[in-house]
Amino acid sequence: MIEHPWLIPLAPLLAFAINGLLGPRYLKKATGVIGSAGILAAFLLTVWLWAEGEYGEATLFEWLASGSLAINIGFLVDELTVVMLLVVTGVSFLVHVYSIGYMAHDGSFARFFAWLPLFVFSMVMLVMANNFLSLFVFWELVGVCSYLLIGFWHDRESANNAAMKAFLVNRVGDFGFAIAIFMIFWNFRTLEYGAVFAQVGQADPETVLVIALLLFVGAMGKSAQFPLHIWLPDAMEGPTPVSALIHAATMVTAGVYMVARMAPIFEVHTTALLVVGGVGAFTALFAATIAVVQTDIKRVLAYSTVSQLGLMFLALGAGVYTAAIFHLATHAFFKALLFLGSGSVIHAMHDEQEMTRYGGLRRKLKWTYGTFLVGGLALSAIFPLAGFWSKDEILAGAFMRGASLDGDGLFIVFWALGLAASLLTAFYTFRMVIMTFHGDPRDAELHERAHESPAVMVAPLALLAVLAMGAGAVLGFPPEHGLIHDFLHHAPGILHFELTGNQTIIAISLAVISTAVALLGALGAYMIYSRGAPRAESIGQFVPGMHSLLYRKYHIDEIVNYGIVATTKVLGFILWAIDAKIVDGIANLIGWTVRALGGAARQVQTGQVQNYVFLMALGAVVSVGALMIFR
Amino acid sequence: MNGSDFAFLLPEIVLVATAITVWAVDFFTPRDRKPDLAWPAAAGALVAMAFLAISWGEHREMFLGTLRLDNFSLFFRFLFLTVAFFVIVGSPGYVRRKLRNAGEFYGLILMSTVGAMGIVSSREFLTAYISLELVAFGFYVLVSHARHEARSNEAGAKYLILGAFSSGLLLFGISLIFGATGSTGYAAIAAALETTPDFGMVWTLGVALVLAGLGFKVAAFPFHSWAPDVYEGAPLPITAFLSVGSKAAGFAFLIRLFAEGLFPVLDDWRVAIGVVAVLTMTFGNLVAIQQANLKRLLAYSSIAQAGYILVGVATLNADTTSGMLLHIAGYTATNLGAFLVVIYFHNLTGKEGIDDLRGLYRRSFLLTLVLAVSLLSLAGMPLFAGFMTKFYLFTAAAASQLWWLIALAVANSILSVYYYLLVLRQAFITPESEEEEQRPAFRLPSHARATLSLLMVLVLWIGIYPSVFVDAAEAGSRALFGG
């Protein structure tokens, strides 16, 4: 299998090609099966690769072989790649199966099942790349696919805007990424991972720091870290399975993967790790506070993703890469579960997404409720579900990084931020569960018509629920020495920090603390929301304006809209006006002056050419003058 | 120089002969058949291309060293012939609708091509200048060729006056440089600079004026004002020719001038050219956002593209020259694709607004596909030519350590995607009104389908597997820099 790693991306690519070319006209509903089969094939091939246990690099072809720029397109398959591939193809497969049911009545069913495998293909290629150029190419392609899928329902203006926003915010991140690549090439004369990593040790640490920070800007865009997080909550305008795919398996995990993969670059300068951890910890808490007051079920989940990604970056910053990848995997399971579960609820409630109109659904949607509850418990990191193991490791890692001798005290602060985020996570999760499934129906008519989803949608939920329940303990027990730790231990670039003190006692007390905090959050939500109508405002009363500030998401969108987007447009308009209008204006002014002076009522020649000549002459004079002065 | 050397000028000779033949045949051709003169004209360009093969690998000085045929000039001569071929093949439908005197139209395109081919071979100011005028004279007529359209006449007049003005700047600059160094030959100027590093004010003024004159030809800020008006007013095939052929000729002039003549003093000018590059791309991109007319959008977009190429001039060395040649090749295929779509769309609907593209997806899949490929390539998306060539160019430019320049160029390139996507949104996504849904699908002539597909394949080829093109560009660059 290792000789032919290209078979893995080939399967979804074929599914895309078949569905894209033949789907709309001939295959129609069959596209769903073909798409799912393509992803399943990729998953099984990955399992085969994993079972064989042989890893390495394989060159596919020479992309550029000339002179200064020699680049081979190849695949890098190591333990990290395999974990990512298993998560990406596994979760994507379940999302595909679920989509067959969810999208059954959509007019563009075939188009959906053409873009979806392409999305998975891009992501698979991204994690298998062995050089920065391929990484960047597929990084961009993932962005394009997200644009196509978020804007899938293109007769909705909001979907179009969300797609454009996602794409552009990602491009801002890509700007940093692109500059980083140019710097890498200039400093190391190569773009292959291995060759670059071999050289970073000898390079100027300050330069490597700049490269690392620019790479991180790229990761912030893709993985929705503050302040580039603004696209992710809007991205839920796409069909719910797409949200599940973006939030769990593809797209947002790319940034986390990238930083983990680039660990040798980030570790050259501890400032880089500090920035990664700090941004992650801040985003974790920041997004969790917003999630607490949202009433749209998908929006709560979206901010929850931003928050959880923040935790993963906290882990990366703390140097516990295994914990980050571990949490990436468990999060993929329970977030996919929660999103697909929310899709099932939305499906049942006839596309209503407002939790204020839900309530009492647990009797109607038994399977959805059961699986959603499991996902919620896992997200809240309640023992012994999946989220507990991975999140506990992240917080423990951050704490120990702060407490250890070669660490940085600031990580204690980051740990506290992460802990606060955990409290809020449990709170908003149970708020969501209670508002949706418990209490009395708040919209009797909708409730009356609600019905459980078909088996094709429930089966993936059940499977994901099993994963969300057991994956943590299976992969991560005993802590630090579970399956995933031993497996990733061999991956190059995955380092471990030396800790001090009696670790067992510290680790256990930290686990107890975070569990207590999670239970506290859940309890708080129960106290406030379980009896009668939700009283979100009741918390807000403690601090006037707080609720509105949170509900409006700290006004970040407005700031970006008026601060940046509008400024750019206005600037463009002014320049255009200068180009097209003011030249005319000057001409008219001159004409008017001439007329006023001469007093003759003759026609005024206001052809623009004179003014263009004037502008050119002015340009020549100014540039020559500037050169004379500055030389 | 001996008789057999003329064999290497056969492509030019063939073009001139074809042009004269087309003009002569035009007299005897009935009016309704005149647009079909495109086919002999295009065939002439193909024959000329075949004769180019003789020049491969040859480095030959001709006419007392005023012309030099090498792989650099070969690269551009091939490029110009390709442009002429596609523009002529893309014209007949448009010519039939809008223009009289078709023979004159095609012949002038060929003559302008001869001029452009002269520019890239010139190693001396006056030869280059006269070739440049040969290009420009053709365009003065061609821009105003839609004789009964006010816009076309206005554009022609503007182009003539501003072109004359820029020629004046260029000539004045040349005369000052001649005054300072005593020569108009690039090699002699370089030799003079080796012995006398600074000629003072006269020299600086001379170079600045030459740059201003050439800045006009490539439509660099602040010498760009003519471009949007002329692009909008000129007949569409001519706009396409202007935006790729004429621009490429200006850059070839600049590159050879700096590589062979002004290289010793390049460091004095890097920052100035870099600033012009940044202003050009930023201005082009910002204003393009405001446009509702497809031609004007492409005009401003091509101003921005000139800015990216100027990054290569500011950081000139062997690698960035390869990068520029590569980028110019990719940009040529891409922009030709975009303009051919506009031409065919205009032929079928008489419209050219961005709003008018609504429903294009339903009416012609091929037009939509080529438009998408071209615009995504202009936006620098991976898998398309624009990403690959800009990546190569900027990577090479990074060696100059002018990080502010690279950063601003990348920022521009990355954010320009916004306005290209707005166009694609109209073509793909924005729903038609019920009335519009009744409009029939387009029927494209088969030669249109062939040329569009060919250009699309080229854009993807350069974007995905560019080795052949990189080799050609590097061969061209080696002709100037050795190695």
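Where a Cα-Cα gap under 17 Å defines reach, which lysines qualify for A:Lys391, not counting those fewer than 8 residues away within the same chain? The reachable lysines, counting only those whose Cα sits under 17 Å from A:Lys391, are A:Lys335.
Cross-link pairs exceeding 26 Å between alpha carbons, from the set A:Lys28/A:Lys222; B:Lys217/B:Lys390; A:Lys222/B:Lys295; B:Lys158/B:Lys295; A:Lys222/A:Lys366: A:Lys28/A:Lys222; A:Lys222/B:Lys295; A:Lys222/A:Lys366.
Cross-link partners for B:Lys34 among the aspartates and glutamates, with Cα-Cα distance under 18 Å and sequence neighbours closer than 8 places in the same chain left out: B:Asp26, B:Glu104.
Across the options B:Leu480, B:Met117, B:Leu421, the greatest Cα extent toward the positive end of the charge dipole of chain B (unit charges at beta carbon of Lys, Arg, Asp, Glu) belongs to B:Leu421.
Charge tally for A:Gly521 (other residues, Cβ to Cβ under 13 Å; Lys, Arg +1; Asp, Glu -1): +2. Only Lys, Arg, Asp and Glu carry charge here, each on its Cβ (+1 for the first two, -1 for the last two); on that basis region B:275-483 has a dipole of about 160 debye about its Cα centre. Across region B:310-315, computed HN-Hα scalar couplings (Karplus, 6.51 cos²θ - 1.76 cosθ + 1.60, θ = phi - 60°) run 4, 4, x, 5, 5, 10 Hz from first to last residue, x flagging Gly and Pro. Summary of packing: across the peptides A:132-143, A:161-172, A:434-445, the per-residue average of other C-beta atoms within 10 Å ranks them, highest first, as A:132-143, A:161-172, A:434-445.
Summing Cβ point charges (Lys, Arg +1; Asp, Glu -1) relative to the Cα centre of the protein assembly as shown gives a dipole of roughly 2660 debye.
When only the Cβ of Lys, Arg, Asp and Glu is charged (+1, +1, -1, -1), the dipole of region B:51-128 relative to its Cα centre reaches about 460 debye. Peptide packing for B:354-366, B:406-418 was compared via the average number of neighbouring C-beta atoms within 10 Å per residue; ordered from the highest value, the list is B:406-418, B:354-366.
Per the Cα gyration tensor, region B:178-284 maps to an equivalent ellipsoid with semi-axes of 30, 15, 11 Å, ordered largest to smallest. Just so you know, the averaged projected area of the alpha carbon convex hull for the protein assembly as shown sits at 48.8 nm². Using every pair of separate Cα atoms, the Kirkwood estimate puts the hydrodynamic radius of chain B at 22.4 angstrom. Here the extension length gained between B:Thr349 and B:Arg100 equals 87.6 nm, from 0.36 nm per residue of separation less the Cα-Cα distance. Straight-line cross-link reach from A:Lys165 at under 20 Å between alpha-carbon atoms covers these aspartates and glutamates, not counting any fewer than eight positions away in the same chain: A:Glu140, A:Asp155, A:Glu157, A:Asp174, A:Asp234, A:Glu237, A:Asp296, A:Asp557, A:Glu558.
For region A:34-87, GluC sites (Glu not before Pro) meeting the loop criterion (DSSP other than H, G, I, E, B) and having at most 11 other Cβ atoms within 10 Å: A:Glu54.
Using a cutoff of 8 angstrom between alpha carbon atoms and counting only pairs six or more residues apart, the relative contact order for region B:275-483 works out to 31 percent. Remark: mean inter-chain Cβ contacts per residue of A:176-186 equal 6, using a 10 Å Cβ-Cβ cutoff to other protein chain atoms. Scattering from region B:275-483 was approximated by placing one identical point on each alpha carbon and applying the Debye formula without solvent; log10 I(q)/I(0) at 0.17, 0.18 1/Å stands at -1.09, -1.19. Simple rule: put +1 on each Lys or Arg Cβ and -1 on each Asp or Glu Cβ in region A:346-424, find the dipole, and look at A:Ser380, A:Gly370, A:Gly409; the Cα lying farthest toward the positive end is A:Gly370. Distance between the pseudo-spin-label points of B:Gln438 and A:Val474 (7 Å out from Cα toward the beta carbon): 6.2 nm. Computed over all pairs of different Cα atoms, the Kirkwood value for the hydrodynamic radius of region B:1-111 is 14.7 Å. Dipole orientation for the protein assembly as shown: of the candidates A:Leu361, A:Met262, B:Gly185, A:Leu361 has the Cα lying most toward the positive pole (charges on Cβ; Lys, Arg +1; Asp, Glu -1).
Rule-based calculations on the coordinates, nothing more; no lab input. What you are looking at is a predicted structure, and each value in this text was computed from that prediction instead of being measured. Quick reminder, even Gly has a Cβ in these numbers, built from the backbone with ideal geometry, and neighbours come from all protein chains shown.
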